[in-house]
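K.L.:
Mind looking over this structure? Questions follow.
The values are calculated or read from the model by the stated rules, or taken from the named source; none is laboratory data. All values reported here derive from a predicted model rather than from experimental measurement. All Cβ positions, even for glycine, are placed from backbone atoms using ideal geometry, and neighbour counts span all protein chains on display. Areas reflect the complete protein model, heavy atoms only, side chains present, ligands, DNA and RNA absent. Shrake-Rupley method; radii C 1.70, N 1.55, O 1.52, S 1.80 Å.
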Amino acid sequence: MSRILRLGVNIDHVATVRNARGGAHPDPVRAAKLAIEAGADGITAHLREDRRHIVDRDIERLMAEIDRPLNFEMAATDEMLGIALRHKPHAACLVPEKRTEVTTEGGLDVIGQYDHLVRPVGELGAAGIRVSLFIDPEPAQLDAAKRLGAPVVELHTGAYCDAHSPAEREAELARIVRAAAHAEAIGLECHAGHGLSYDTVGPVAAIQTIVELNIGHFLIGEAIFVGLTNSIARMRKAMDRARAAGMRA
(Lines give C-alpha, C1' and ligand atoms only; values in the text may rest on other atoms or scores of the structure.)
Protein backbone atom coordinates (compact mmCIF):
# COMPACT_ATOMS: atom_id res chain seq x y z
CA MET A 1 0.00 0.00 0.00
CA SER A 2 1.32 3.44 -0.97
CA ARG A 3 1.85 6.05 1.72
CA ILE A 4 2.60 9.74 1.54
CA LEU A 5 6.23 10.43 2.40
CA ARG A 6 6.69 13.27 4.88
CA LEU A 7 9.76 15.49 5.17
CA GLY A 8 10.96 16.69 8.56
CA VAL A 9 13.63 19.39 8.35
CA ASN A 10 16.17 19.55 11.16
CA ILE A 11 17.19 23.17 11.86
CA ASP A 12 19.92 22.44 14.45
CA HIS A 13 22.80 23.71 12.38
CA VAL A 14 21.26 27.09 11.73
CA ALA A 15 21.67 27.44 15.49
CA THR A 16 25.25 26.14 15.21
CA VAL A 17 26.12 29.06 12.93
CA ARG A 18 24.31 31.52 15.21
CA ASN A 19 26.12 30.26 18.29
CA ALA A 20 29.51 30.65 16.61
CA ARG A 21 29.19 34.39 17.16
CA GLY A 22 26.92 34.31 20.21
CA GLY A 23 24.30 36.61 18.71
CA ALA A 24 20.78 36.18 17.40
CA HIS A 25 21.51 35.66 13.70
CA PRO A 26 20.79 33.42 11.84
CA ASP A 27 17.53 32.62 13.59
CA PRO A 28 16.58 28.90 13.57
CA VAL A 29 12.90 29.76 14.04
CA ARG A 30 12.97 31.85 10.87
CA ALA A 31 14.63 28.89 9.17
CA ALA A 32 11.84 26.62 10.39
CA LYS A 33 9.22 28.92 8.89
CA LEU A 34 11.06 29.04 5.57
CA ALA A 35 11.36 25.23 5.62
CA ILE A 36 7.60 24.92 6.01
CA GLU A 37 7.02 27.31 3.11
CA ALA A 38 9.40 25.20 0.99
CA GLY A 39 7.54 21.94 1.62
CA ALA A 40 8.57 20.58 5.03
CA ASP A 41 5.81 18.68 6.82
CA GLY A 42 7.43 19.14 10.22
CA ILE A 43 10.44 20.55 12.03
CA THR A 44 13.02 18.60 14.01
CA ALA A 45 15.22 20.14 16.71
CA HIS A 46 17.66 18.38 19.03
CA LEU A 47 18.14 20.03 22.40
CA ARG A 48 21.46 18.55 23.47
CA GLU A 49 22.52 18.48 27.09
CA ASP A 50 25.46 20.80 26.32
CA ARG A 51 23.25 23.20 24.27
CA ARG A 52 25.82 23.21 21.47
CA HIS A 53 23.23 24.36 18.92
CA ILE A 54 19.53 24.49 19.79
CA VAL A 55 18.88 26.17 23.17
CA ASP A 56 15.85 26.20 25.44
CA ARG A 57 14.53 29.50 24.09
CA ASP A 58 14.51 28.04 20.57
CA ILE A 59 12.19 25.24 21.70
CA GLU A 60 9.89 27.73 23.41
CA ARG A 61 9.68 29.83 20.25
CA LEU A 62 9.24 26.86 17.93
CA MET A 63 6.29 25.66 20.00
CA ALA A 64 4.73 29.13 19.91
CA GLU A 65 5.50 30.23 16.36
CA ILE A 66 5.38 27.33 13.90
CA ASP A 67 2.21 25.74 12.53
CA ARG A 68 3.63 22.29 11.80
CA PRO A 69 4.49 19.42 14.15
CA LEU A 70 7.69 19.73 16.19
CA ASN A 71 9.79 16.60 16.56
CA PHE A 72 11.84 17.14 19.72
CA GLU A 73 15.02 15.05 19.65
CA MET A 74 16.29 14.31 23.14
CA ALA A 75 18.47 12.09 25.26
CA ALA A 76 16.60 9.89 27.74
CA THR A 77 17.57 11.99 30.77
CA ASP A 78 15.50 13.42 33.60
CA GLU A 79 16.28 16.97 32.47
CA MET A 80 15.14 16.40 28.89
CA LEU A 81 12.09 14.44 29.99
CA GLY A 82 11.03 17.37 32.15
CA ILE A 83 11.49 19.82 29.28
CA ALA A 84 9.51 17.63 26.88
CA LEU A 85 6.67 17.19 29.37
CA ARG A 86 6.54 20.95 29.94
CA HIS A 87 6.34 21.87 26.24
CA LYS A 88 4.46 18.81 24.96
CA PRO A 89 5.71 18.77 21.35
CA HIS A 90 3.94 16.63 18.78
CA ALA A 91 6.71 14.02 18.96
CA ALA A 92 9.80 13.18 20.97
CA CYS A 93 12.56 11.12 19.37
CA LEU A 94 14.88 9.48 21.88
CA VAL A 95 18.45 9.42 20.62
CA PRO A 96 21.81 8.33 22.04
CA GLU A 97 23.99 11.23 23.08
CA LYS A 98 27.66 11.54 24.01
CA ARG A 99 29.34 14.82 24.89
CA THR A 100 32.43 13.93 22.84
CA GLU A 101 30.65 13.07 19.57
CA VAL A 102 30.46 15.55 16.69
CA THR A 103 27.11 14.19 15.61
CA THR A 104 24.96 11.19 16.54
CA GLU A 105 27.15 8.18 15.81
CA GLY A 106 24.59 5.38 15.75
CA GLY A 107 21.24 4.18 16.90
CA LEU A 108 19.93 3.83 20.42
CA ASP A 109 20.64 0.45 22.00
CA VAL A 110 17.06 -0.31 23.02
CA ILE A 111 17.94 -3.86 24.05
CA GLY A 112 20.79 -2.84 26.34
CA GLN A 113 19.02 0.22 27.76
CA TYR A 114 15.55 -1.27 27.93
CA ASP A 115 15.01 -0.76 31.66
CA HIS A 116 16.30 2.81 31.50
CA LEU A 117 13.93 3.64 28.63
CA VAL A 118 10.75 2.32 30.24
CA ARG A 119 10.07 5.50 32.25
CA PRO A 120 10.64 8.15 29.55
CA VAL A 121 8.73 6.20 26.90
CA GLY A 122 5.84 5.65 29.31
CA GLU A 123 5.66 9.21 30.61
CA LEU A 124 5.98 10.82 27.20
CA GLY A 125 3.27 8.58 25.79
CA ALA A 126 0.96 9.23 28.74
CA ALA A 127 1.35 12.98 28.10
CA GLY A 128 0.14 12.55 24.52
CA ILE A 129 3.59 12.96 22.96
CA ARG A 130 4.31 10.58 20.08
CA VAL A 131 7.45 8.64 21.04
CA SER A 132 10.02 7.65 18.45
CA LEU A 133 13.22 5.68 18.99
CA PHE A 134 16.24 6.38 16.76
CA ILE A 135 17.75 2.95 16.12
CA ASP A 136 19.99 1.04 13.76
CA PRO A 137 18.13 -1.04 11.14
CA GLU A 138 18.24 -4.27 13.13
CA PRO A 139 15.13 -6.44 13.68
CA ALA A 140 16.08 -7.22 17.29
CA GLN A 141 16.15 -3.50 18.12
CA LEU A 142 12.78 -3.06 16.42
CA ASP A 143 11.33 -5.90 18.46
CA ALA A 144 12.60 -4.28 21.66
CA ALA A 145 11.07 -0.94 20.63
CA LYS A 146 7.73 -2.67 20.10
CA ARG A 147 7.88 -4.33 23.54
CA LEU A 148 8.72 -0.98 25.08
CA GLY A 149 5.54 0.53 23.67
CA ALA A 150 7.02 3.15 21.35
CA PRO A 151 4.72 3.63 18.33
CA VAL A 152 7.44 4.94 15.99
CA VAL A 153 11.03 4.06 15.08
CA GLU A 154 13.47 6.13 13.05
CA LEU A 155 16.05 4.06 11.21
CA HIS A 156 19.60 5.39 11.30
CA THR A 157 20.73 5.78 7.68
CA GLY A 158 24.29 6.89 8.45
CA ALA A 159 26.00 3.63 7.50
CA TYR A 160 24.16 3.62 4.17
CA CYS A 161 25.08 7.25 3.41
CA ASP A 162 28.71 6.80 4.47
CA ALA A 163 29.30 3.57 2.52
CA HIS A 164 32.67 3.46 0.75
CA SER A 165 31.66 1.35 -2.25
CA PRO A 166 28.54 0.63 -4.33
CA ALA A 167 28.42 -2.93 -2.95
CA GLU A 168 28.61 -1.70 0.63
CA ARG A 169 25.88 0.87 -0.03
CA GLU A 170 23.63 -1.78 -1.58
CA ALA A 171 24.13 -4.00 1.45
CA GLU A 172 23.27 -1.17 3.84
CA LEU A 173 20.21 -0.26 1.78
CA ALA A 174 19.06 -3.87 1.95
CA ARG A 175 19.31 -3.69 5.76
CA ILE A 176 17.06 -0.63 5.73
CA VAL A 177 14.55 -2.28 3.40
CA ARG A 178 14.36 -5.37 5.62
CA ALA A 179 14.07 -3.31 8.80
CA ALA A 180 11.31 -1.12 7.37
CA ALA A 181 9.35 -4.20 6.30
CA HIS A 182 9.81 -5.73 9.75
CA ALA A 183 8.64 -2.51 11.40
CA GLU A 184 5.43 -2.63 9.41
CA ALA A 185 4.95 -6.32 10.15
CA ILE A 186 5.06 -5.70 13.92
CA GLY A 187 2.93 -2.56 13.82
CA LEU A 188 5.52 0.23 14.10
CA GLU A 189 5.46 3.42 12.05
CA CYS A 190 8.82 3.72 10.33
CA HIS A 191 10.85 6.89 9.73
CA ALA A 192 14.45 7.24 8.57
CA GLY A 193 17.25 9.78 8.62
CA HIS A 194 20.87 10.81 9.18
CA GLY A 195 23.27 11.90 6.46
CA LEU A 196 20.77 11.86 3.60
CA SER A 197 21.62 14.03 0.57
CA TYR A 198 20.36 14.49 -2.98
CA ASP A 199 22.62 11.59 -3.99
CA THR A 200 21.41 9.15 -1.35
CA VAL A 201 17.79 10.05 -0.64
CA GLY A 202 16.16 8.38 -3.66
CA PRO A 203 16.51 4.68 -2.77
CA VAL A 204 15.35 5.35 0.81
CA ALA A 205 12.42 7.51 -0.30
CA ALA A 206 11.32 4.70 -2.62
CA ILE A 207 10.78 2.31 0.32
CA GLN A 208 7.01 2.33 0.68
CA THR A 209 7.03 1.22 4.31
CA ILE A 210 8.93 4.36 5.36
CA VAL A 211 6.59 7.31 5.91
CA GLU A 212 8.92 10.12 7.03
CA LEU A 213 12.48 11.26 6.38
CA ASN A 214 14.29 13.65 8.72
CA ILE A 215 17.05 15.64 7.02
CA GLY A 216 19.05 18.57 8.33
CA HIS A 217 22.80 19.03 7.99
CA PHE A 218 22.93 18.55 4.22
CA LEU A 219 20.05 20.98 3.62
CA ILE A 220 21.59 23.69 5.80
CA GLY A 221 24.97 23.24 4.12
CA GLU A 222 23.46 23.34 0.64
CA ALA A 223 21.56 26.49 1.59
CA ILE A 224 24.87 28.37 1.74
CA PHE A 225 25.09 27.97 -2.04
CA VAL A 226 21.46 28.00 -3.24
CA GLY A 227 19.37 29.34 -0.35
CA LEU A 228 17.35 27.39 2.19
CA THR A 229 14.06 27.46 0.29
CA ASN A 230 15.72 26.13 -2.85
CA SER A 231 17.66 23.39 -1.07
CA ILE A 232 14.53 22.09 0.67
CA ALA A 233 12.31 22.38 -2.40
CA ARG A 234 14.81 20.35 -4.43
CA MET A 235 14.92 17.67 -1.71
CA ARG A 236 11.13 17.58 -1.58
CA LYS A 237 11.00 17.01 -5.35
CA ALA A 238 13.69 14.30 -5.20
CA MET A 239 11.76 12.48 -2.49
CA ASP A 240 8.47 12.73 -4.36
CA ARG A 241 9.99 11.47 -7.62
CA ALA A 242 11.60 8.50 -5.89
CA ARG A 243 8.42 7.63 -4.00
CA ALA A 244 6.37 7.73 -7.22
CA ALA A 245 8.94 5.55 -8.99
CA GLY A 246 8.87 3.10 -6.09
CA MET A 247 5.09 2.88 -6.35
CA ARG A 248 5.35 1.93 -10.04
CA ALA A 249 8.11 -0.64 -9.51
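K.L.:
Using a 1.4 Å probe and ignoring any ligands, DNA or RNA, find the accessible area of Asp56 and quote it in Å² to the nearest 10.
P.N.:
50
K.L.:
Leaving out ligands, DNA and RNA, what percent of the accessible area of the chain is carbon and sulfur, probe 1.4 Å?
P.N.:
53
K.L.:
Here's a follow-up. Just subtract the alpha-carbon distance of Arg241 and Glu123 from 0.36 nm times their residue separation and send over the number in nm, one decimal.
P.N.:
Gain on extension, Arg241 to Glu123, equals 38.6 nm.
K.L.:
Averaged per residue, what accessible surface does the stretch 36-79 expose to a 1.4 Å probe, in Å²?
P.N.:
For the stretch 36-79, the per-residue accessible area is 40 Å².
K.L.:
What number, rounded to the nearest 500 deg cm²/dmol, is the helix-based mean residue ellipticity at 222 nm of the chain, given -39500 (n - 2.57) per DSSP H run of at least four residues and division by all its residues?
P.N.:
-15000 deg cm²/dmol
K.L.:
What do you reckon, how do Val226, Val131 stack up by accessible area (1.4 Å probe), largest on top?
P.N.:
Most to least solvent-accessible, the answer reads Val226, Val131.
K.L.:
Also, I was wondering about something else. Which order do Glu212, Glu79 take by accessible area at a 1.4 Å probe, largest first?
P.N.:
I get Glu79, Glu212, largest accessible area first.
K.L.:
Which of the three applies to the stretch 149-190, rounded, prolate or oblate, going by the alpha-carbon gyration tensor with a ≥ b ≥ c and a/c under 1.5 meaning rounded?
P.N.:
Oblate shape, in that a/c is at least 1.5 and b/c is the bigger or equal ratio.
K.L.:
Could I ask something else about it? Using r as the Cβ-Cβ distance of Thr16 and Asp109, and R0 as 30 Å, what FRET efficiency do you calculate, to the nearest 0.05?
P.N.:
Efficiency, rounded to the nearest 0.05: 0.70.
K.L.:
Calculate the all-directions average of the projected area of the chain's alpha-carbon convex hull, and give it in nm².
P.N.:
12.9
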